[in-house]
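One structure below.
Values in this text are rule-based calculations from the coordinates and carry no lab data. Note that the coordinates shown come from a computational prediction; the quantities given were computed from them, not determined experimentally. Using ideal geometry, Cβ is built from the backbone for each residue, glycine included, and neighbour counts are taken over all protein chains shown.
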Amino acid sequence: MAAVYRLEPTVQRYAWGMTEVLEDFVGRAVSGDPVAEAWWGAHPSAPAIATAAHHDGADEAGLHPGESAPLDTLISRAPEAMLGPGLVARWERLPYLLKMLAIAKPLSLQVHPTLAQAEEGYRAEDRHGVPLDAPHRAFKDRSHKPEMIVALTPMTLLAGFRPASAVAHDLVWLGRPCTRRWAEALANATEPTVALGEFVQSVLRDPDAPAALEALVEVGGRSGVPESLAVASAAALEFPDDPGALVAIALNVVRLQPGEACFTGAGVIHSYQSGVGVEIMANSDNVVRAGLTPKAVDIDLLVHLTDGTPLPPPVVVPERVGPVTRYPAPVDEFDLSVVERGTAAFAPGPRIVLAVDGTATVHGERGSVTLARGEAAFVAHTDGRLVVDAVGSAAVVEVPSRAV
């Protein structure tokens, strides 16, 4: 007998998080400390706790009603029942990770690897004896980390490079010798893709960067300042000695309203700035940073992994059919849908349902559970067809049918 499992998330208390928001959402006592992320997933570094919600007997993993286990452990005990044979053959684990982010301060300037880069980097750090939990380890697993965030409040993000000529134009605004030098290099570049990567290295290492940071802070409050400079100036105020704020000038500013989404693939340099959103990603914690953070940075590795191609803001165009809004992503690990004030069905597979607002009743073929706001459930493959009845809104994550 398979079960529907209630999920208790793991929370991450990073310094950039908001106070109260996530603890209130998941029904925990408010500590007054920053809480940045809640994770509903099976990543071994921070798995959610799954509690069997069926009424009699033991499930395929040996859990009786009311018993609990970390979600990764639960899946490992009965992988085919939990994931389905196709997913076991391809990934051997739950391929996605669901999060909620509450961002009070800018996240680190970061990039994620491709699958091949992740595999190569993981093996290299293993060969060098870098512990998995070492603060300076970049590759925590062998997976890439494409990710998509859906805004629950207005959000500001930085994602992907702007055209080199536009970056050069804004650098001139700062009026310092070094910014004019950087602007000239970008304006005269014959290969803008290469030039943007060189710009990142230059500003992160240039001894004149402090003067440019000072100018960036000064222009922040002026009227008529280009949006890119205004957002980068706000980052500089939070990290006054960090040249990563200068890199922010080169990135697209993405403003999301509730219900809008942004997708970030491998090699796309990005930094979330503010707001609350639901994030879905491949089941990975591989992050390479180069600024706007007290954590370990690796400038050379970030530049190596970064795709310097200028791109338009990576906004996702949702598809709405009846009560279901689907957010398409060009990856095999996940599909994200939101069910609002209605009923929707989902195919067999490992699915996570999160009640974002109001309540949601989750019906598997052999179990059901009602979720209040902030509660989540994992529905195993062998529970078959899933029906979600939302009174309010519920996020549903599944693996696309094309992937299995």
> Among 270, 64, which comes first, second and so on when ranked by fewest other beta-carbon atoms within 10 Å?
Replying inline: 64, 270
> What is the magnitude of the charge dipole of the stretch 4-151 about its Cα centre, with +1 placed on the Cβ of each Lys and Arg, -1 on the Cβ of each Asp and Glu, and no other charges, expressed in debye to the nearest 20?
Replying inline: 440
> Would you list 103, 149 from fewest to most Cβ contacts within 10 Å?
Replying inline: 103, 149
> With the chain treated as a Gaussian network of Cα nodes joined by springs under 10 Å, which of 384, 66, 275 yields the largest mean-square fluctuation?
Replying inline: 66
> Where a Cα-Cα gap under 18 Å defines reach, which lysines qualify for residue 145, not counting those fewer than 8 residues away within the same chain?
Replying inline: 99
> Taking amide hydrogens as modeled 1.01 Å from N in the peptide plane, which residues meet the under 5 Å criterion relative to residue 96, leaving out close sequence neighbours?
Replying inline: 283
> Rounded if a/c is under 1.5, else prolate if a/b beats b/c, else oblate: with a ≥ b ≥ c from the C-alpha gyration tensor eigenvalues square-rooted, which is the stretch 319-403?
Replying inline: oblate
>> Please check: in the Gaussian network model of the chain (C-alpha springs, under 10 Å), which one of 330, 310, 70 has the largest mean-square fluctuation.
In response: 330
> When the dipole is taken about the Cα centre of the chain, and only Lys, Arg (+1) and Asp, Glu (-1) are charged at their Cβ, what size is it in debye, to the nearest 20?
Replying inline: 380
> Using modelled backbone amide H atoms (1.01 Å from N, in-plane), which distant-in-sequence or interchain residues come within less than 5 Å of residue 141's amide H?
Replying inline: 285
> Ranking 191, 37, 80 by Cβ neighbours within 10 Å, fewest first, what do you get?
Replying inline: 191, 80, 37
>> Run the helix sum for the chain: -39,500 (n - 2.57) per DSSP H stretch of 4+ residues, divided by residue count, reported at 222 nm to the nearest 500 deg cm²/dmol.
In response: -7500 deg cm²/dmol
> Given +1 on the Cβ of Lys and Arg, -1 on the Cβ of Asp and Glu, and no further charges, what dipole in debye does the stretch 319-403 carry about its Cα centre, rounded to the nearest 20?
Replying inline: 140
> Which of rounded, prolate, oblate describes the stretch 4-151, given a ≥ b ≥ c as roots of the alpha-carbon gyration tensor eigenvalues and a/c under 1.5 marking rounded, otherwise prolate only if a/b is larger than b/c?
Replying inline: oblate
> Among 152, 305, 115, which one moves the most in a GNM of the chain with springs linking Cα atoms closer than 10 Å?
Replying inline: 115
>> Check which residues have an amide H placed less than 5 Å from residue 274's amide H, if you skip close sequence neighbours.
In response: 156
> Based on the Cα gyration tensor of the stretch 172-225, what are the three equivalent ellipsoid semi-axes, each the root of five times an eigenvalue, rounded to whole Å and given largest first?
Replying inline: 21, 13, 9
